[in-house]
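The values are calculated or read from the model by the stated rules, or taken from the named source; none is laboratory data. Keep in mind that what you see is a predicted model, and the values were worked out from it rather than measured. Neighbour counts run over all protein chains shown; Cβ positions are idealised from the backbone, glycine included. Accessible surface areas use protein heavy atoms only, side chains included; no ligands, DNA or RNA. Shrake-Rupley method; radii C 1.70, N 1.55, O 1.52, S 1.80 Å.
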Amino acid sequence: MKEPSDLSILVKNSGEWLKGTGPESDIVISSRIRLARNLAGFPFIKKCSEDDRRKIERQVRTRLEAMSAWKDIQYVHVDTLSEVDRQFLVERQLISREIAEAEGSRAVAIDPGEQYSVMVNEEDHLRIQVMHSGLDLDSAWDQIDRIDDTVEGELLYAFHPKFGYLTACPTNVGTGLRVSVMLHLPGLVITQQIDKVFRSMQRINVTVRGLYGEGSQYTGDFYQVSNQVTLGHTERELLTMVGDEVVPRIIDYERKARDFLMEKGEQDLLDDVSRALGILSTARKISSEETMHYLSKVRLGVNLGLIDDVEVATINKLFIHTQPAHLQKLRGRMLTTSDRHVERANYLHQHLRNGGPADVN
Amino acid sequence: MKCQYCDKPATFHITELTEPDGPQILHLCEHHARTVLQKEEPSPIKTVTGALAKQLQLGQTKEELRKLDKKACPSCGITFFEFRNTGRLGCPMDYTHFESDLTPLLLNIHDSLQHTGKRPSRAAANVDAQAELISLRKEMEAAVQSEQYEKASKIRDRINEIQGDPKHPGFVAPATDDEGDADLSGDAQDAPGEGGGGL
């Protein structure tokens, strides 16, 4: 396990989950699973003294260091990072906003491919996360199940025979498992069917929210579908509910919406996505929200074969790399909002003109 | 149109899909939109407090509620009132101490009271030892805060005794360094990342 002094390795690379591969990857961006675990014999984080937090952090770090397969893992002390670096990890989906904004000893262990990470001292002592590109929950579960077993090692988890894995918030108790499938649904947004689709989902125990928040169209038409309950079902049952019952239905609706748009007005759609690409590749100043909005249209255009000289992987990366902290890390300096608008436009220009390189650096 | 929280123009129009009564449209300025959008989880606090409110409306009189609010966990000290306000429990023992009070809430959230999923490879530890460890940590913190270092040192020895005995169900892990470096001065030491703790 390595303890890097900065995040430069991450800045240069991109997560596996942005590759745009895997089943249904024209609609499903990523499949994420997280497990919440707490150590027995310690209070939950909110009631921990700083001394307790340091001990938990050290116990977990010692455990991770002992895992030989984890020699390439980067172990980052979140409490020593600058605000921009913390924001960078949030944008990259490697840590939660909660741990970024918390106080006291806290850390994250990140694998080089960014497929899995372990947060230490978030709301729970341990939050293990696995993220795969496309709809790939079964193999994501196999991976996180193995990681959970290995990390547990000789740590003693807080567990109750009736209530399962005990967590700080009763909404996570039992399996401690949250499955989140991130979907790109521009077709349902354009045809104004999105609210209707999600209203029908509310009756079946799933939660829907946006990429970095709740339900905003301006976050690039991304929606995350997650299980609501965590107790009373096995992990496999929860995966089946989200991955086999709910998500395929939404994918089906989105495909129908896209077919409808192509049949009824291919020229209009072609015009719309081409204009979006035009704005992104020629603008001189552009906000993050506007970027997300147009990137979403371009992504739809690429997936429908209306734009053929841009790679989906490039678009996926641009969604993340044009976020405020990413832009500052990539440019290697602090930028004001107005400077960021200019730099973001430059960055888009550089990567979208003539199709742009598939590998965004 | 003005932002619904201030006088600035509303430039963000957000449809909340998680509202129980169907989608709700919010009209917000950039600042307030950010605040709303930065909510990471689908507001578990709202889920918990909402479920609690429902449960309390059904079952309890004001008098019963006042009494319940004062109930505290003997291990971590959290009161039911504090939990009700934050939506977060204080320690694993709360599930035992507040079991009967949490039961309707858990049923409301999960529609179940029995875990059927994965289990840790090691059997659940002696509950008494876990509870004692949590109480001792709280007492040690209090002793350090009030500069009673001799008392803190005794508590630390007892914690090590529980954790260090492999036969004891409260045993934690051999790789773990013990609590011998507990910060008894009250000052923050061995900042993470500076090689503290001799690891």
ask   = Considering only the range B:95-125, how many residues are touching a residue at least 24 places away in the same chain (Cβ under 8 Å) and touching a Phe, Trp or Tyr at 6+ places or on another chain (Cβ under 7 Å)?
value = 2
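Conditions tested, residue by residue: (1) within 23 Å of A:ILE45 (Cα to Cα); (2) among the hydroxyl-bearing types (Ser, Thr, Tyr); (3) more than 10 Å from every other protein chain (Cβ to nearest Cβ).
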| site | (1), (2), (3) |
| --- | --- |
| B:SER100 | no, yes, yes |
| B:LEU106 | yes, no, no |
| B:SER112 | no, yes, no |
| B:ALA131 | yes, no, no |
| B:GLU141 | yes, no, no |
| B:VAL144 | yes, no, no |
| B:LYS151 | no, no, yes |
query = Does the range A:336-358 contain any residue that is surrounded by fewer than 20 Cβ atoms within 10 Å (Cβ to Cβ), closer than 19 Å to A:TRP17 by Cβ, modelled with pLDDT under 95 and under 23 Å from the mean Cα position of the chain (by Cα)?
reply = yes
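Okay, residues lined up against (1) open to solvent by 30 Å² or more (accessible area, probe 1.4 Å); (2) under 22 Å from A:ASN172 (Cβ atoms); (3) part of a helix (DSSP H, G or I):
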position: B:SER75; (1), (2), (3): no, yes, no
position: B:ASN108; (1), (2), (3): yes, yes, yes
position: B:SER121; (1), (2), (3): yes, yes, no
position: B:LYS154; (1), (2), (3): yes, no, yes
position: B:GLU161; (1), (2), (3): yes, no, yes
task = Could you check A:ALA283 against (1) touching a residue at least 24 places away in the same chain (Cβ under 8 Å); (2) under 26 Å from the mean Cα position of the chain (by Cα) and say which number it fails?
result = (2)
ask   = Can you find even one residue in the range A:197-213 that is at pLDDT 95 or above, more than 16 Å from the chain's Cα centre (by Cα) and crowded, with 23+ Cβ neighbours inside 10 Å?
value = no
note = Exception for A:GLU16 within (1) of a type in the set (D, E, K, R); (2) surrounded by fewer than 23 Cβ atoms within 10 Å (Cβ to Cβ); (3) closer than 15 Å to A:GLU123 by Cβ falls at (3)
key: In the range A:61-85, residue surrounded by the most Cβ atoms within 10 Å (Cβ to Cβ) [restricted to those that are free of Cβ contacts under 8 Å to residues at least 24 places away in the same chain and part of a helix (DSSP H, G or I)]   = A:THR62
ask   = Within the group A:LEU295, A:LEU306, A:LEU269, which residue is crowded, with 20+ Cβ neighbours inside 10 Å and over 27 Å from A:GLN87 (Cβ atoms)?
value = A:LEU269
remark   = Reported set for the range B:77-90 where residues are more than 10 Å from chain A (Cβ to nearest Cβ) and part of a helix (DSSP H, G or I) is B:PHE80, B:PHE81, B:ARG84, B:ASN85
So A:ARG58, is it open to solvent by 10 Å² or more (accessible area, probe 1.4 Å), facing chain B (nearest Cβ under 9 Å) and more than 26 Å from A:LEU231 (Cβ to Cβ) = yes
query = For the range B:91-106, which residues satisfy the criterion of being open to solvent by less than 50 Å² (accessible area, probe 1.4 Å) and assigned to a helix (DSSP H, G or I)?
reply = B:ASP94, B:TYR95, B:ASP101, B:LEU102, B:THR103, B:LEU105, B:LEU106
Count of the range A:249-277 residues which are under 30 Å from A:ALA36 (Cα atoms) and in contact (Cβ under 8 Å) with a residue 40 or more places away in the chain = 2
inquiry  = Being surrounded by fewer than 23 Cβ atoms within 10 Å (Cβ to Cβ), in contact with a helix residue (DSSP H, G or I) (Cβ under 8 Å, 6 or more places away or on another chain) and modelled with pLDDT of 95 or more narrows it down to one residue among A:ASP145, A:ASP124; which is it?
reply    = A:ASP145
note = Flagged in the range A:217-247 as open to solvent by less than 50 Å² (accessible area, probe 1.4 Å) and out of contact with any strand residue (DSSP E or B) (no Cβ under 9 Å at 6 or more places or on another chain), in numbering order, are A:THR234
inquiry  = Given the criteria touching a helix residue (DSSP H, G or I) at 6+ places or on another chain (Cβ under 9 Å), among the aliphatic types (A, V, I, L, M) and without any contact (Cβ under 8 Å) to a residue 40 or more places away in the chain, does A:VAL108 qualify?
reply    = yes
